[in-house]
Amino acid sequence: MSKKRESVLKKNDEINLEITALTSQGSGVGRFNSMAVFVEGTAPGDLIIAHIILVKSNYAVGIIKKILKPSKHRIVCDCGAFSSCGGCSFRHIDYDEELAFKKQRVQDAFSRIGGIDTQVKEILTAGKVERYRNKAQYPVAMTPEGKTLIGFYAKKSHRVIDCRDCLLQPEEFETFLRIVEKWAAQYGVTIYNEKEKKGLLRHIYIRKGFKTGQIMICIVSTSRVVPKIEKLADELISSNVNIKSIVLNVNSEDTNVVLSTDCITLWGSGFIEDELCGLKFKISPLSFFQVNPEGAEILYKKAAEYAALSGEETLLDLYCGTGTIGLSMAKNAKRVIGVEIIPQAIEDAKENAKENGICNAEFFCDDASGAAKRISESGTKIDVIVLDPPRKGCSKDVIEAVTAMNPKRIVYVSCDPATLARDCAEFKKAGFETDEITAVDMFPRTTHVETVALLTYHRQS
């Protein structure tokens, strides 16, 4: 069968192709003689001429040669970097179709991976598809001709695409980038070369508090000694009254990690403040804080609805990070216990509780499975558990420890529908049924979708 297919389609062929669906990575997919053909930048309903660039035994990859008939969902792309930047996937598709795709993606994960027939109730959104991100990390590079590039990495690479005004970031960020570029050129601040491991300026990292308006600018350098860094601080401060902190982060390691733990405050307090769910948070360069706070509030509100706290429950917040979910529910709980494996996050969570006058929340550092076992062995009765694990989901040890505590409800927040569906199938074996599922679009124009699921124990006959 594979030989027959290879003879039907080969590299450099040009074929008429109707795009019928999208993959989880956002590529369009159509079929040619029953073979799946993937084409980036297409929309369901597009009729195109596809130029084939790769043929395997059971699929092929093409690029758009010509759009013969555009999909009714296709829109004019509003970003010149879209075709090369690795950030957005859906600037060519209307937002309603994007939401429909994301909701179906969650539904498919539960039915195909989890074997769970619970229907996704809805997909929620803040409705804001532009300028919703409060944080940006801009890599800096230089072309062989000496042109400075500031922007984002191309897909699956470390090649920097020049993009100063990303439509997902606040408009004023572009001004700061140009100030840094001018300063570097004026004072001979060298740009880091990733291949040669030479140069000073690596990244420009910016955070903004949407509720407070406060802005932090962090310059990532390979050395503590940076020529005329005080001149840069002066230029930035004079450009915007909302700048409250300027920080130098020293990262000389050969690593993909943007920030090191070595932060030097050049001006201001070293942090900014913002609000989320009515709570105040201090945000340093290394602090975790939701990138889309409006979307996060929608997500946390749904999680709180599923938790259904009456004031008498003990809530366990596993993978609590800096405590945002647990603290947002503390007013309706008798007691909140937060667990996180990263020590600095636990310190931030304790500080956040103190800053907001929350006295019924406690936090300790441990891995999720160890903490769950320790709590269970202590005899503490846990009524509701919130899970918000990393993309890989929960290990079997965590699932076993969680189910052993016999909570009334489990509220599972996930950034990956596939691992969420897999884990919900494991919880089902222990008697916890997935009662309700809600998708939340926290990252419009990208393929990412958040999901929150409510699991309750159903006595097995």
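In table form, for the structure just shown:
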quantity	calculated
Accessible-area ranking of H92, H158, largest first, probe 1.4 Å	H158, H92
Centre separation in Å (Cα based) which lies between segment 13-87 and segment 276-342	40
In order through segment 11-20: 3J(HN,Hα) via Karplus (6.51 cos²θ - 1.76 cosθ + 1.60), integer Hz, x for Gly, Pro	4, 6, 5, 10, 10, 7, 9, 9, 7, 10
Dipole magnitude (debye, nearest 20) for segment 220-333, charges at Cβ of Lys, Arg, Asp, Glu	220
Proximal charge balance of Y95 [Cβ under 13 Å; K/R count +1, D/E count -1]	-1
Per residue value of the accessible surface for the chain (all protein chains in place, 1.4 Å probe), Å²	46
Segment 130-212, dipole about Cα centre (Lys/Arg Cβ +1, Asp/Glu Cβ -1), debye to the nearest 20	380
More than 17 angstrom apart: percent of Cα pairs within segment 367-422	33
Using θ = phi - 60° and Karplus 6.51 cos²θ - 1.76 cosθ + 1.60, couplings along segment 168-182 (whole Hz; Gly, Pro as x)	8, 9, x, 4, 5, 4, 4, 4, 5, 4, 5, 5, 5, 4, 5
For segment 358-461, the fraction of alpha-carbon pairs in successive 10 Å shells from zero, as %	14, 45, 31, 9, 1
P(r) of segment 1-113 over all Cα-Cα pairs, binned every 10 Å from zero, in whole percent	14, 43, 33, 11, 0
For L316, net neighbour charge (Lys/Arg +1, Asp/Glu -1) across residues whose Cβ lies under 13 Å away	0
Segment S111-H448, extension gain: residue separation times 0.36 nm, minus the distance between their alpha carbons	119.4 nm
At R0 = 22 Å, FRET efficiency that the Cβ-Cβ distance of Y59 and Q104 yields, to 0.05	0.60
Net +/- balance of residues flanking V189 in space, Cβ distance below 14 Å, scoring K and R +1, D and E -1	+3
In Å², nearest 10: area of D254 left accessible to a 1.4 Å probe	120
Eligible aspartates and glutamates near K66 by straight Cα distance, threshold 17 Å, same-chain separation 8 or greater	D13, E14, E18, E40, D46
Greater than 32 Å apart at Cα, pairs in K10/K195; K244/K334; K331/K392	K10/K195; K244/K334
Percent of beta bridges antiparallel (DSSP, the chain, rounded to nearest 5)	65
Charge dipole of the chain about the Cα centre (unit charges at C-beta), most positive-ward option of I93, Q344, A136	I93
Label-to-label distance, nm, for residues given as I264 and S83 (7 Å Cα→Cβ offset)	4.3
Exposure rank, largest accessible area first [R391, R409, R112; 1.4 Å]	R112, R391, R409
Residue-wise HN-Hα coupling along segment 307-318, computed from phi with Karplus coefficients 6.51, -1.76, 1.60 (Hz; x: Gly, Pro)	5, 6, 6, 10, x, 10, 9, 9, 9, 9, 9, 7
FRET efficiency for N406 and F364, using Cβ-Cβ distance with R0 set to 25 Å, rounded to 0.05	0.70
Theoretical ellipticity at 222 nm over the chain - DSSP helices of four or more residues, -39500 (n - 2.57) apiece, nearest 500	-7500 deg cm²/dmol
Student exercise, segment 219-284 dipole from Lys, Arg, Asp, Glu Cβ charges, in Debye to nearest 20	140
Label-point separation in nm, K428 to K66, each point 7 Å along Cα→Cβ	4.8
Dimensionless Rg/Rh of segment 267-388 - Kirkwood Rh, Rg from C-alpha atoms	0.96
Whole-number D in µm²/s for the chain (Stokes-Einstein; Kirkwood sum over Cα pairs; 10 °C, 1.306 mPa s)	65
P(r) histogram, all alpha-carbon pairs of segment 83-181 included - 10 Å bins from 0, percent	13, 32, 28, 18, 8, 2
Accessible surface of the chain, 1.4 Å probe, proportion on carbon and sulfur as whole %	49
Distance (nanometres) between label positions extended 7 Å along Cα→Cβ at S395 and T20	4.2
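The values are calculated or read from the model by the stated rules, or taken from the named source; none is laboratory data. Predicted model only: the values in this text are computed from it and were never measured. Cβ coordinates were reconstructed from backbone atoms using ideal geometry, including for glycine residues, and neighbour counts include every protein chain displayed. Remember, those area values only see protein heavy atoms, side chains included, never the ligands or the DNA or RNA. Shrake-Rupley method; radii C 1.70, N 1.55, O 1.52, S 1.80 Å.
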